[in-house]
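The values are calculated or read from the model by the stated rules, or taken from the named source; none is laboratory data. For clarity, every value in this text was computed on a predicted model and none was experimentally measured. In this analysis, Cβ positions are derived from the backbone assuming ideal geometry, glycine residues included, and neighbour counts consider all displayed protein chains. Accessible surface is based on the protein model in full, side chains and every heavy atom, while ligands, DNA and RNA are left aside. Shrake-Rupley method; radii C 1.70, N 1.55, O 1.52, S 1.80 Å.
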Amino acid sequence: MKTIIKLFVLILFFISVPTVQAIDEVLLDIAGETLDINEKQKDVIEDDEWFFDLGGKSLREKIAEINANEYNNISKSTYLLEEILTKKFDKSPVKTMHIFGYYRANLDMGISSDDNDLTYNYNSIDLGVNGRFRDEKTFYEARLRFTPQSEHNFLQFMPSNLYIATTIIPKNTLLIGNARTPTGYEGAKSSSVIPFVARSQISRTFGNVRHLGVKLRGNYDLIEYDLGGYSSDTYFKSFFPGAEFAGWVSLKPLGKTNGRYGRLKLGSGITSGQNDINYFVAGAYASYEYKNLYANFEWGKANGYNGARGLSSNKAEGFYTTLGYRITPKLQAVARYDQFKPNLDKTNDIRREYSAGLNYFIKGQALKVMLNYVFCQNDLLKDSHRIILGTQLLL
């Protein structure tokens, strides 16, 4: 276990500051001299199994296997050491338990005519466990966040995903607990798979929040949906201050063509609830993927909202569009136009962000670096520029 901790610290040291070339060599170093386990040590590991099942192999051999895996699928989160950090139980009701960590941070340089600033932001430092029960149809996750927020109590903000779910209904998942609500398409996505360091303005304002409740997610060839009822409380501030419904439905017209003509998705949804005020958010989404090309568009409008940035009675509206291209299996170029009106009662407050970036997938979404340039136009403020270097590690 001490070696696992040393491995985690070592990777964090390399991922936080240095160049892409140095980061790309980290796993090679770990697989070589850094974790040079001799045969005597290997025998000890195989005898007591470290509490984790390494399949009769040394940690060095397992790390070498990880380094050989290309992790080309960037549409989902992948944990780098999932096999190593997963314990399998023979007789317990719990069949597997995976201990994981998630680290996401960025170096942010702001440039304006008035002032410049440079900050290092810890977006996510998460630790948790997930796994499956003996029936193979029921699974769980418990995740805690260790990134203090000035606007939230630390203990209230700490719980993240806390749920149990089952796939007893074919092609459907019934989930009970604290999880992301489908307020907007990107707003319901994990930060680990979005193409920029920061979310779009409608996503980070209306969505990107977890509520306690029950949801049903279905995924078929031509349609997918996410429907649920929740408490309108956020960050465990109070007990059931009101009820909320959040639902999103997407059509997949090309779903039966096996990707021959690409993947087209057309979706829409609403979120409606009560928490001191009544709020209502509506949205629509379209995306298309074909080989290395990716494009999307999302629009959202709110008559009050209850998102990650808090509860508001403002009427607001915005949209964004993204274009991405995989130059190589490891390198992706992305661009985005993002417009937001935070208060429709004010006609002179429009906020625009023009973003361009590069994503370098060292090991898919499990280990990547991001470089973003953002030009900000705000009717009420002077124009500004931001250069953001982001890092991401999932163990």
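Based on the mean of other Cβ atoms within 10 Å per residue, sort peptides 205-214, 255-264, 155-164 so the most packed one is first.
So the order, starting with the most tightly packed, is 205-214, 155-164, 255-264.
At 222 nm, what value in deg cm²/dmol follows for the chain if DSSP H runs of at least 4 each add -39500 (n - 2.57) and the sum is divided by all its residues, to the nearest 500?
Theoretical 222 nm ellipticity from helices: -3500 deg cm²/dmol.
Mind listing the phi-derived Karplus ³J(HN,Hα) values for region 250-256, rounded to whole Hz, using 6.51, -1.76 and 1.60 with θ = phi - 60°, and x for any glycine or proline?
10, 9, 10, x, 9, x, 9
Could you give the C-alpha radius of gyration of region 106-224 expressed as a fraction of 2.2 N^0.38 Å, taking N as the number of residues it contains?
With N residues counted in region 106-224, Rg over 2.2 N^0.38 Å equals 1.29.
From the phi angles alone, apply the Karplus equation (6.51, -1.76, 1.60; θ = phi - 60°) to region 290-305 and give each ³J(HN,Hα) in whole Hz, x where the residue is Gly or Pro.
8, 6, 8, 9, 9, 9, 8, 8, 9, 10, x, 9, 10, 10, x, 8
Mind checking which helices in the chain clear 18 Å along their axis (Cα) and have mean Kyte-Doolittle hydropathy of 1.0 or more, DSSP H runs only?
Span-like helices in the chain: 2-16.
Could you compute the net charge surrounding VAL214? Neighbours are other residues with a C-beta less than 13 Å from the C-beta of VAL214; K and R count +1, D and E count -1.
0
Hey, can you grab everything whose amide H is under 5 Å from the amide H of LYS95? Only 5+ residues off in sequence or another chain; H modelled, so Pro and N-termini drop out.
So LYS95 has HN proximity to ARG132, PHE133, ARG134.
Could you grab the relative contact order for the chain? Cα pairs under 8 Å, six or more apart, rounded to a whole percent.
13 percent
Whole Å is fine, so just give me how far the alpha carbon centre of region 251-328 lies from that of region 150-200.
Here the answer is 15 Å between Cα centres.
In whole percent, how big is the carbon plus sulfur part of the accessible area of the chain, probe 1.4 Å, protein atoms only?
Using a 1.4 Å probe with all protein chains present, the chain comes out at 58 percent carbon and sulfur.
Provide the net charge surrounding ASP276, with neighbours chosen by a C-beta distance below 12 Å and charges set as Lys +1, Arg +1, Asp -1, Glu -1.
Taking every other residue near ASP276 into account, the sum is 0.
For the residue pair ASN258 and LYS91, what label-to-label distance in nm results when each label sits 7 Å from Cα along the Cα-to-beta-carbon direction?
For the pair ASN258/LYS91, the computed spacing is 4.7 nm.
When the label point is put 7 Å from the Cα of LEU155 along its Cα-to-beta-carbon vector, which residues of region 236-255 have a backbone N closer than 18 Å?
236-240
Taking the solvent-accessible surface of protein heavy atoms with a 1.4 Å probe, what is the per residue accessible area of the chain in Å²?
50 Å²
Taking Cα extents along the principal axes in Å as the quantity of interest, determine which of (i) 66, 53, 33; (ii) 73, 51, 49; (iii) 93, 55, 47 was computed from the displayed structure.
(ii)
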